[in-house]
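A short worksheet on the structure shown next.
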Amino acid sequence: MKKITKTDLAAFGENTRLVVGGRDPAAQHGFVNPPVYHGSTVLAPTVKDLIGRTQKYVYGRRGTPTSEALEEALAAVEGAAGVVLCPSGLSAVTTALLSCLSAGDHLLMTDSAYGPTRHACDAVLGRFGIETTYYDPRIGGDIAGLMRPNTRAVYLESPGSLTFEVQDVPAIAAAAHARGATVLLDNTWATPLFFKAHAHGVDLAIQAGTKYIVGHSDAMFGTISAAASAWPRLKAFHGDTGLCAGPDDIYLAMRGLRSMGVRLRQHQESGLAVARWLAARSEVQRVLHPALPGDPGHALWQRDFTGASGLFALVLTPAPEAAVEAFLDGLKLFGLGYSWGGFESLAIPFDASPYRTASAWNPGGPCVRLHIGLEDVADLIRDLEEGLERFRRAS
Ligand SMILES: *Cc1c(COP(=O)(O)O)cnc(C)c1O
(Lines give C-alpha, C1' and ligand atoms only; values in the text may rest on other atoms or scores of the structure.)
Protein backbone atom coordinates (compact mmCIF):
# COMPACT_ATOMS: atom_id res chain seq x y z
CA MET A 1 0.00 0.00 0.00
CA LYS A 2 1.51 3.34 -1.06
CA LYS A 3 1.62 6.34 1.25
CA ILE A 4 -1.35 8.67 0.75
CA THR A 5 -0.42 12.33 0.40
CA LYS A 6 -2.57 15.32 1.36
CA THR A 7 -3.16 15.94 -2.36
CA ASP A 8 -4.40 12.35 -2.80
CA LEU A 9 -6.68 12.79 0.21
CA ALA A 10 -8.25 15.98 -1.15
CA ALA A 11 -9.02 14.27 -4.46
CA PHE A 12 -10.75 11.25 -2.86
CA GLY A 13 -14.48 10.99 -2.25
CA GLU A 14 -15.83 11.68 1.20
CA ASN A 15 -16.17 8.08 2.35
CA THR A 16 -12.65 7.31 1.20
CA ARG A 17 -11.40 10.32 3.18
CA LEU A 18 -13.22 9.05 6.27
CA VAL A 19 -11.46 5.70 5.92
CA VAL A 20 -7.90 6.69 4.99
CA GLY A 21 -7.46 10.18 6.55
CA GLY A 22 -4.70 10.41 9.17
CA ARG A 23 -3.44 6.87 8.56
CA ASP A 24 0.10 5.83 7.64
CA PRO A 25 0.43 2.06 8.19
CA ALA A 26 4.01 1.94 6.87
CA ALA A 27 5.12 4.24 9.70
CA GLN A 28 3.75 1.82 12.31
CA HIS A 29 4.90 -1.60 11.25
CA GLY A 30 1.89 -2.14 8.96
CA PHE A 31 -0.78 -1.89 11.64
CA VAL A 32 -3.96 -0.41 10.20
CA ASN A 33 -4.68 2.07 13.01
CA PRO A 34 -2.34 4.72 14.42
CA PRO A 35 -1.05 3.93 17.91
CA VAL A 36 -2.37 5.77 20.96
CA TYR A 37 0.50 7.80 22.39
CA HIS A 38 0.08 8.41 26.11
CA GLY A 39 2.53 11.10 26.93
CA SER A 40 3.45 14.40 28.52
CA THR A 41 7.26 14.57 28.33
CA VAL A 42 9.01 14.25 25.00
CA LEU A 43 12.72 13.52 25.43
CA ALA A 44 15.31 15.39 23.40
CA PRO A 45 18.66 13.78 22.56
CA THR A 46 20.75 16.93 23.26
CA VAL A 47 20.48 20.33 24.93
CA LYS A 48 20.56 21.93 21.48
CA ASP A 49 17.54 19.90 20.39
CA LEU A 50 15.71 20.60 23.64
CA ILE A 51 16.25 24.38 23.63
CA GLY A 52 16.06 24.71 19.85
CA ARG A 53 12.84 22.64 19.68
CA THR A 54 14.19 20.78 16.71
CA GLN A 55 11.84 17.81 17.12
CA LYS A 56 8.41 17.52 15.60
CA TYR A 57 6.82 16.94 19.01
CA VAL A 58 7.91 18.85 22.11
CA TYR A 59 5.26 18.26 24.77
CA GLY A 60 2.13 16.12 25.05
CA ARG A 61 -0.26 19.04 25.41
CA ARG A 62 1.05 20.61 22.20
CA GLY A 63 0.24 17.57 20.07
CA THR A 64 1.07 13.91 19.59
CA PRO A 65 1.04 11.62 16.57
CA THR A 66 -2.40 10.50 17.82
CA SER A 67 -3.96 13.99 17.95
CA GLU A 68 -2.30 14.93 14.67
CA ALA A 69 -3.75 11.89 12.89
CA LEU A 70 -7.29 12.83 13.86
CA GLU A 71 -6.80 16.53 13.09
CA GLU A 72 -5.55 15.60 9.64
CA ALA A 73 -8.45 13.22 8.98
CA LEU A 74 -11.01 15.81 10.13
CA ALA A 75 -9.44 18.65 8.14
CA ALA A 76 -9.76 16.52 5.00
CA VAL A 77 -13.45 15.85 5.68
CA GLU A 78 -14.21 19.48 6.65
CA GLY A 79 -12.25 21.03 3.79
CA ALA A 80 -10.50 23.13 6.45
CA ALA A 81 -7.20 24.96 6.85
CA GLY A 82 -6.89 23.29 10.24
CA VAL A 83 -8.73 21.53 13.06
CA VAL A 84 -8.21 21.60 16.84
CA LEU A 85 -9.46 19.02 19.34
CA CYS A 86 -11.27 19.82 22.59
CA PRO A 87 -12.32 17.74 25.60
CA SER A 88 -16.05 18.34 24.99
CA GLY A 89 -18.42 19.94 22.51
CA LEU A 90 -19.12 22.80 24.90
CA SER A 91 -15.40 23.50 25.28
CA ALA A 92 -15.21 23.66 21.47
CA VAL A 93 -18.05 26.22 21.53
CA THR A 94 -16.39 28.45 24.14
CA THR A 95 -12.91 28.07 22.63
CA ALA A 96 -14.16 29.06 19.18
CA LEU A 97 -15.96 32.10 20.63
CA LEU A 98 -13.04 33.27 22.77
CA SER A 99 -10.60 32.80 19.88
CA CYS A 100 -12.25 35.63 17.97
CA LEU A 101 -13.76 37.92 20.66
CA SER A 102 -12.16 40.43 23.05
CA ALA A 103 -13.38 42.77 25.79
CA GLY A 104 -15.66 45.44 24.33
CA ASP A 105 -16.78 43.26 21.43
CA HIS A 106 -20.36 42.41 20.51
CA LEU A 107 -21.61 38.94 19.58
CA LEU A 108 -24.76 38.06 17.63
CA MET A 109 -26.03 34.67 18.84
CA THR A 110 -28.90 32.66 17.38
CA ASP A 111 -31.94 32.37 19.66
CA SER A 112 -32.10 28.66 18.77
CA ALA A 113 -28.64 27.87 20.24
CA TYR A 114 -27.97 24.81 22.38
CA GLY A 115 -28.86 25.76 26.00
CA PRO A 116 -25.36 25.50 27.51
CA THR A 117 -23.96 27.63 24.63
CA ARG A 118 -26.44 30.31 25.57
CA HIS A 119 -25.55 30.00 29.22
CA ALA A 120 -21.84 30.38 28.42
CA CYS A 121 -22.56 33.65 26.61
CA ASP A 122 -24.60 35.01 29.51
CA ALA A 123 -22.47 33.71 32.39
CA VAL A 124 -18.94 33.82 30.99
CA LEU A 125 -18.64 36.17 28.01
CA GLY A 126 -20.49 38.89 29.87
CA ARG A 127 -17.95 38.75 32.69
CA PHE A 128 -15.18 39.40 30.14
CA GLY A 129 -16.94 42.45 28.72
CA ILE A 130 -18.35 40.76 25.63
CA GLU A 131 -21.98 41.65 25.01
CA THR A 132 -24.36 39.10 23.43
CA THR A 133 -27.48 39.96 21.43
CA TYR A 134 -29.78 37.08 20.48
CA TYR A 135 -31.36 37.08 17.03
CA ASP A 136 -34.23 35.22 15.38
CA PRO A 137 -32.69 32.13 13.68
CA ARG A 138 -34.78 32.81 10.55
CA ILE A 139 -33.45 36.37 10.16
CA GLY A 140 -31.38 35.65 7.02
CA GLY A 141 -29.66 38.65 5.42
CA ASP A 142 -31.61 41.06 7.66
CA ILE A 143 -28.99 40.35 10.28
CA ALA A 144 -27.16 43.28 8.69
CA GLY A 145 -29.57 45.53 10.64
CA LEU A 146 -28.31 44.12 13.97
CA MET A 147 -24.63 44.57 13.22
CA ARG A 148 -22.90 47.22 15.32
CA PRO A 149 -19.47 48.75 14.73
CA ASN A 150 -18.10 46.42 17.44
CA THR A 151 -19.87 43.23 16.26
CA ARG A 152 -16.94 40.87 15.85
CA ALA A 153 -18.73 37.52 15.60
CA VAL A 154 -21.99 36.00 14.41
CA TYR A 155 -22.86 32.55 15.73
CA LEU A 156 -25.26 30.09 14.08
CA GLU A 157 -26.64 26.65 14.87
CA SER A 158 -28.48 25.15 11.94
CA PRO A 159 -30.81 23.50 12.38
CA GLY A 160 -31.29 24.39 16.06
CA SER A 161 -30.69 21.13 17.90
CA LEU A 162 -33.92 21.41 19.92
CA THR A 163 -36.27 23.43 17.72
CA PHE A 164 -34.91 22.66 14.22
CA GLU A 165 -35.06 26.05 12.49
CA VAL A 166 -32.82 25.99 9.42
CA GLN A 167 -30.74 29.14 8.99
CA ASP A 168 -29.77 30.88 5.76
CA VAL A 169 -26.06 30.40 6.40
CA PRO A 170 -24.72 31.98 3.17
CA ALA A 171 -26.89 35.10 3.59
CA ILE A 172 -25.94 35.57 7.24
CA ALA A 173 -22.27 34.88 6.48
CA ALA A 174 -22.25 37.44 3.66
CA ALA A 175 -23.76 40.13 5.91
CA ALA A 176 -21.28 39.33 8.69
CA HIS A 177 -18.27 39.31 6.38
CA ALA A 178 -19.33 42.63 4.85
CA ARG A 179 -18.68 44.09 8.31
CA GLY A 180 -15.56 42.08 9.03
CA ALA A 181 -17.15 39.76 11.63
CA THR A 182 -16.18 36.11 12.11
CA VAL A 183 -18.88 33.53 11.31
CA LEU A 184 -19.20 30.55 13.67
CA LEU A 185 -21.52 27.59 13.18
CA ASP A 186 -22.42 24.69 15.45
CA ASN A 187 -22.67 22.02 12.75
CA THR A 188 -23.23 19.06 15.06
CA TRP A 189 -26.61 18.08 13.59
CA ALA A 190 -25.49 17.78 9.98
CA THR A 191 -21.82 16.92 10.56
CA PRO A 192 -19.35 17.89 7.81
CA LEU A 193 -20.84 15.09 5.72
CA PHE A 194 -24.27 16.68 5.30
CA PHE A 195 -23.33 20.38 5.47
CA LYS A 196 -20.13 21.86 4.09
CA ALA A 197 -19.67 24.71 6.53
CA HIS A 198 -16.61 26.38 5.01
CA ALA A 199 -18.00 26.21 1.47
CA HIS A 200 -21.06 28.11 2.79
CA GLY A 201 -19.02 30.95 4.30
CA VAL A 202 -18.38 29.70 7.83
CA ASP A 203 -15.02 30.63 9.38
CA LEU A 204 -15.20 28.38 12.45
CA ALA A 205 -17.27 25.15 12.37
CA ILE A 206 -17.92 23.42 15.69
CA GLN A 207 -18.72 19.77 16.22
CA ALA A 208 -19.85 18.27 19.50
CA GLY A 209 -17.78 15.19 18.63
CA THR A 210 -19.56 13.49 21.51
CA LYS A 211 -22.47 13.02 19.12
CA TYR A 212 -21.95 11.54 15.65
CA ILE A 213 -18.15 11.50 15.42
CA VAL A 214 -17.68 9.37 18.54
CA GLY A 215 -21.04 7.80 17.74
CA HIS A 216 -21.18 5.27 20.56
CA SER A 217 -22.13 7.30 23.65
CA ASP A 218 -18.82 6.45 25.28
CA ALA A 219 -16.69 9.61 25.16
CA MET A 220 -16.92 13.38 25.40
CA PHE A 221 -15.27 15.21 22.53
CA GLY A 222 -15.26 18.46 20.57
CA THR A 223 -13.67 19.76 17.40
CA ILE A 224 -13.27 23.15 15.77
CA SER A 225 -12.53 23.38 12.10
CA ALA A 226 -11.21 26.65 10.72
CA ALA A 227 -11.14 28.28 7.32
CA ALA A 228 -7.80 29.93 6.50
CA SER A 229 -9.23 33.30 7.67
CA ALA A 230 -9.68 32.09 11.26
CA TRP A 231 -7.02 29.40 11.57
CA PRO A 232 -4.00 31.29 13.02
CA ARG A 233 -6.02 32.87 15.85
CA LEU A 234 -7.79 29.62 16.67
CA LYS A 235 -4.59 27.59 16.71
CA ALA A 236 -2.85 30.18 18.93
CA PHE A 237 -5.77 30.54 21.37
CA HIS A 238 -6.24 26.77 21.69
CA GLY A 239 -2.53 26.37 22.48
CA ASP A 240 -2.29 29.39 24.77
CA THR A 241 -5.21 28.25 26.94
CA GLY A 242 -3.84 24.74 27.36
CA LEU A 243 -6.58 22.78 25.72
CA CYS A 244 -6.04 19.24 24.60
CA ALA A 245 -8.06 16.03 24.41
CA GLY A 246 -7.06 12.77 26.09
CA PRO A 247 -5.41 10.18 23.85
CA ASP A 248 -7.97 7.45 24.48
CA ASP A 249 -10.83 9.81 23.65
CA ILE A 250 -9.03 10.87 20.49
CA TYR A 251 -8.75 7.21 19.59
CA LEU A 252 -12.47 6.65 20.17
CA ALA A 253 -13.28 9.69 18.03
CA MET A 254 -11.04 8.42 15.24
CA ARG A 255 -12.60 4.98 15.45
CA GLY A 256 -16.06 6.54 15.26
CA LEU A 257 -15.09 8.70 12.30
CA ARG A 258 -14.23 5.67 10.14
CA SER A 259 -17.85 4.47 10.16
CA MET A 260 -19.56 7.85 10.40
CA GLY A 261 -20.65 7.87 6.75
CA VAL A 262 -22.47 4.57 6.86
CA ARG A 263 -23.96 5.28 10.28
CA LEU A 264 -25.28 8.66 9.21
CA ARG A 265 -26.91 7.24 6.10
CA GLN A 266 -28.76 4.78 8.32
CA HIS A 267 -29.69 7.44 10.91
CA GLN A 268 -31.06 9.50 8.02
CA GLU A 269 -33.07 6.68 6.47
CA SER A 270 -34.50 5.40 9.76
CA GLY A 271 -35.10 8.93 11.06
CA LEU A 272 -37.10 9.85 8.00
CA ALA A 273 -39.12 6.64 8.13
CA VAL A 274 -40.07 7.27 11.76
CA ALA A 275 -40.71 11.00 11.13
CA ARG A 276 -43.07 10.23 8.24
CA TRP A 277 -44.89 7.64 10.31
CA LEU A 278 -45.28 10.10 13.19
CA ALA A 279 -46.53 12.86 10.88
CA ALA A 280 -49.53 10.68 9.98
CA ARG A 281 -50.56 10.03 13.61
CA SER A 282 -53.53 11.86 15.09
CA GLU A 283 -51.68 12.41 18.42
CA VAL A 284 -48.96 14.38 16.57
CA GLN A 285 -49.67 17.95 15.45
CA ARG A 286 -46.39 18.57 13.72
CA VAL A 287 -43.04 16.93 13.10
CA LEU A 288 -40.05 19.30 13.13
CA HIS A 289 -37.73 17.70 10.59
CA PRO A 290 -36.11 19.84 7.87
CA ALA A 291 -36.04 16.98 5.35
CA LEU A 292 -39.86 16.68 5.39
CA PRO A 293 -41.40 18.75 2.55
CA GLY A 294 -43.88 20.53 4.86
CA ASP A 295 -41.19 21.81 7.22
CA PRO A 296 -40.62 25.62 7.23
CA GLY A 297 -36.89 25.03 6.79
CA HIS A 298 -37.25 22.51 3.99
CA ALA A 299 -36.35 24.79 1.06
CA LEU A 300 -33.13 25.99 2.74
CA TRP A 301 -32.29 22.45 3.79
CA GLN A 302 -32.77 21.24 0.24
CA ARG A 303 -30.64 24.06 -1.15
CA ASP A 304 -27.71 23.76 1.27
CA PHE A 305 -27.61 20.30 2.88
CA THR A 306 -26.83 16.92 1.37
CA GLY A 307 -28.57 14.87 4.05
CA ALA A 308 -30.33 14.78 7.40
CA SER A 309 -29.21 13.07 10.58
CA GLY A 310 -31.39 11.14 13.01
CA LEU A 311 -32.42 13.95 15.37
CA PHE A 312 -35.81 15.67 15.12
CA ALA A 313 -38.77 16.70 17.26
CA LEU A 314 -42.53 16.39 17.34
CA VAL A 315 -45.31 18.52 18.75
CA LEU A 316 -48.05 16.46 20.39
CA THR A 317 -51.69 17.47 20.68
CA PRO A 318 -52.38 19.45 23.88
CA ALA A 319 -52.36 17.10 26.85
CA PRO A 320 -51.47 17.07 30.56
CA GLU A 321 -47.87 16.39 31.56
CA ALA A 322 -48.93 12.98 32.85
CA ALA A 323 -49.87 11.92 29.31
CA VAL A 324 -46.40 12.80 28.01
CA GLU A 325 -44.90 10.91 30.94
CA ALA A 326 -47.07 7.87 30.18
CA PHE A 327 -45.82 8.01 26.57
CA LEU A 328 -42.12 8.32 27.42
CA ASP A 329 -41.78 6.38 30.69
CA GLY A 330 -43.06 3.18 29.11
CA LEU A 331 -40.78 3.19 26.05
CA LYS A 332 -38.58 0.10 25.74
CA LEU A 333 -36.13 1.11 23.01
CA PHE A 334 -35.91 4.89 23.48
CA GLY A 335 -33.77 5.80 26.48
CA LEU A 336 -34.59 8.98 28.38
CA GLY A 337 -31.40 10.95 28.34
CA TYR A 338 -29.49 13.95 27.06
CA SER A 339 -27.03 13.86 24.25
CA TRP A 340 -27.57 12.01 20.96
CA GLY A 341 -25.62 10.76 17.96
CA GLY A 342 -24.88 7.32 19.42
CA PHE A 343 -26.08 4.01 17.99
CA GLU A 344 -29.12 3.98 20.27
CA SER A 345 -32.47 5.76 20.20
CA LEU A 346 -33.25 8.46 22.74
CA ALA A 347 -36.20 10.65 23.74
CA ILE A 348 -36.59 13.81 25.84
CA PRO A 349 -39.57 16.06 26.51
CA PHE A 350 -38.76 19.76 26.17
CA ASP A 351 -40.14 23.27 26.37
CA ALA A 352 -37.98 25.86 24.62
CA SER A 353 -40.24 28.82 25.44
CA PRO A 354 -38.48 29.92 28.67
CA TYR A 355 -35.14 30.35 26.85
CA ARG A 356 -36.22 32.37 23.86
CA THR A 357 -35.68 36.11 23.98
CA ALA A 358 -35.52 37.18 20.32
CA SER A 359 -38.17 34.96 18.73
CA ALA A 360 -41.37 33.39 20.05
CA TRP A 361 -41.65 29.65 20.52
CA ASN A 362 -45.31 28.68 20.74
CA PRO A 363 -45.61 25.14 19.44
CA GLY A 364 -49.18 24.71 20.75
CA GLY A 365 -48.58 21.40 22.54
CA PRO A 366 -46.02 19.36 24.41
CA CYS A 367 -42.77 18.73 22.52
CA VAL A 368 -40.60 15.64 22.39
CA ARG A 369 -37.18 15.32 20.78
CA LEU A 370 -36.19 11.93 19.37
CA HIS A 371 -32.86 10.57 18.30
CA ILE A 372 -33.34 7.65 15.93
CA GLY A 373 -30.62 5.08 16.45
CA LEU A 374 -29.57 2.02 14.46
CA GLU A 375 -32.26 -0.39 15.71
CA ASP A 376 -34.79 -1.90 13.28
CA VAL A 377 -37.30 0.76 12.25
CA ALA A 378 -40.25 -1.60 12.69
CA ASP A 379 -39.29 -2.15 16.34
CA LEU A 380 -38.92 1.60 16.95
CA ILE A 381 -42.30 2.31 15.36
CA ARG A 382 -44.00 -0.39 17.45
CA ASP A 383 -42.46 1.10 20.59
CA LEU A 384 -43.69 4.59 19.63
CA GLU A 385 -47.12 3.28 18.62
CA GLU A 386 -47.64 1.72 22.04
CA GLY A 387 -46.36 4.94 23.59
CA LEU A 388 -48.79 7.12 21.65
CA GLU A 389 -51.63 4.81 22.70
CA ARG A 390 -50.65 5.35 26.34
CA PHE A 391 -50.50 9.10 25.59
CA ARG A 392 -54.01 9.07 24.09
CA ARG A 393 -55.48 7.11 27.00
CA ALA A 394 -53.95 9.58 29.49
CA SER A 395 -54.90 12.71 27.49
C1 LIG B 1 -24.28 18.22 22.86
C2 LIG B 1 -24.11 19.47 22.11
C3 LIG B 1 -23.07 20.35 22.39
C4 LIG B 1 -22.12 20.14 23.54
O5 LIG B 1 -21.39 18.96 23.43
P6 LIG B 1 -20.83 18.23 24.74
O7 LIG B 1 -19.84 17.27 24.17
O8 LIG B 1 -21.99 17.59 25.41
O9 LIG B 1 -20.17 19.27 25.58
C10 LIG B 1 -22.95 21.47 21.61
N11 LIG B 1 -23.80 21.73 20.61
C12 LIG B 1 -24.81 20.91 20.31
C13 LIG B 1 -25.72 21.25 19.20
C14 LIG B 1 -25.00 19.75 21.05
O15 LIG B 1 -26.03 18.95 20.77
Of all residues making up the range 1-33, the number that are of a type in the set (Phe, Trp, Tyr) and either touching a strand residue (DSSP E or B) at 6+ places or on another chain (Cβ under 6 Å) or surrounded by 12 or more Cβ atoms within 10 Å (Cβ to Cβ) (or both): 1
Criterion: under 14 Å from the mean Cα position of the chain (by Cα) and within 21 Å of SER217 (Cβ to Cβ) - qualifying residue of LEU85, LEU70: LEU85
How do the pairs read when you match residues in the range 286-310 that are in contact (Cβ under 8 Å) with a residue 12 or more places away in the chain with residues anywhere that are of a type in the set (S, T, N, Q) and in a loop (DSSP other than H, G, I, E, B), using Cβ under 7 Å and keeping only pairs 6 or more apart or on different chains? LEU288/THR163
Kindly establish whether ARG390 is open to solvent by 40 Å² or more (accessible area, probe 1.4 Å), in contact with a Gly (Cβ under 7 Å, 6 or more places away or on another chain) and not assigned by TED's automatic domain parsing to the domain that holds ASP122. yes
Options PHE327, PHE305: the member that is surrounded by 16 or more Cβ atoms within 10 Å (Cβ to Cβ) and closer than 22 Å to LYS196 by Cα: PHE305
If we scan the range 69-88, do we find a residue that is small (Gly, Ala, Ser) and either open to solvent by 40 Å² or more (accessible area, probe 1.4 Å) or not assigned by TED's automatic domain parsing to the domain that holds ARG17 (or both)? yes
Residue count, the range 292-326 (criterion: away from the ligand (no atom under 16 Å from the Cβ) and under 18 Å from the mean Cα position of the chain (by Cα)): 4
When the residues of the range 153-188 are filtered to those that are within 16 Å of the ligand (Cβ to nearest atom), crowded, with 24+ Cβ neighbours inside 10 Å and among the hydroxyl-bearing types (Ser, Thr, Tyr), which remaining residue is nearest to GLY209 (Cα to Cα)? THR188
Against the definition (outside the structural domain of TRP361 (by TED's automatic domain parsing) and either open to solvent by 30 Å² or more (accessible area, probe 1.4 Å) or more than 17 Å from the chain's Cα centre (by Cα) (or both)), how does THR223 come out, yes or no? no
Looking only at the range 236-266, filter to residues that are out of contact with any Phe, Trp or Tyr (no Cβ under 9 Å at 6 or more places or on another chain) and of a type in the set (Val, Ile, Thr); which one of those is farthest from the ligand (Cβ to nearest atom)? VAL262
Condition met for SER229 (open to solvent by 40 Å² or more (accessible area, probe 1.4 Å) and at pLDDT below 95): yes
Of the residues ALA273, ALA299, ALA319, ALA313, only one is closer than 17 Å to LEU388 by Cβ, of a type in the set (Gly, Ala, Ser) and either open to solvent by 40 Å² or more (accessible area, probe 1.4 Å) or assigned to a helix (DSSP H, G or I) (or both); which? ALA273
Hey, among THR54, THR95, which residue is farther than 14 Å from GLY246 by Cα, open to solvent by less than 20 Å² (accessible area, probe 1.4 Å) and of a type in the set (S, T, N, Q)? THR95
Please list, ordered by first then second residue, the pairs with beta carbon atoms under 6 Å, 6 or more apart or interchain, first in the range 327-348 and within 11 Å of the ligand (Cβ to nearest atom), second at pLDDT 95 or above. TRP340/LYS211; TRP340/LEU311; TRP340/LEU346; TRP340/HIS371; GLY341/LYS211; GLY341/TYR212
Among what's in the range 221-235 and is within 20 Å of LEU18 (Cα to Cα) and not in a strand (DSSP E or B), pick the residue that is farthest from the ligand (Cβ to nearest atom). ALA227
Which one of the conditions (1) among the charged types (D, E, K, R); (2) in a helix (DSSP H, G or I); (3) not assigned by TED's automatic domain parsing to the domain that holds GLY22 does ARG281 fail to meet, given that it meets all the rest? (2)
Could you list, in sequence order, all residues of the range 189-217 that are open to solvent by 10 Å² or more (accessible area, probe 1.4 Å), away from the ligand (no atom under 12 Å from the Cβ) and not in a helix (DSSP H, G or I)? LYS196, GLY201, ASP203, HIS216
Condition check: in the same structural domain as TYR155 (by TED's automatic domain parsing), in contact with an Asp or Glu (Cβ under 9 Å, 6 or more places away or on another chain) and part of a loop (DSSP other than H, G, I, E, B). Does TYR37 satisfy that? no
Of the residues HIS106, HIS119, which single one is open to solvent by 70 Å² or more (accessible area, probe 1.4 Å) and either modelled with pLDDT of 95 or more or farther than 30 Å from PRO354 by Cβ (or both)? HIS119
Yes or no: the range 52-67 includes at least one residue that is aromatic (Phe, Trp, Tyr), in a strand (DSSP E or B) and in the same structural domain as ASP168 (by TED's automatic domain parsing). yes
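The values are calculated or read from the model by the stated rules, or taken from the named source; none is laboratory data. Computed from a predicted model, the values in this text were never measured in an experiment. Virtual Cβ from ideal backbone geometry, glycine too; neighbours counted across all protein chains shown. Protein only, heavy atoms only, side chains kept; ligands, DNA and RNA dropped before computing areas. Shrake-Rupley method; radii C 1.70, N 1.55, O 1.52, S 1.80 Å.
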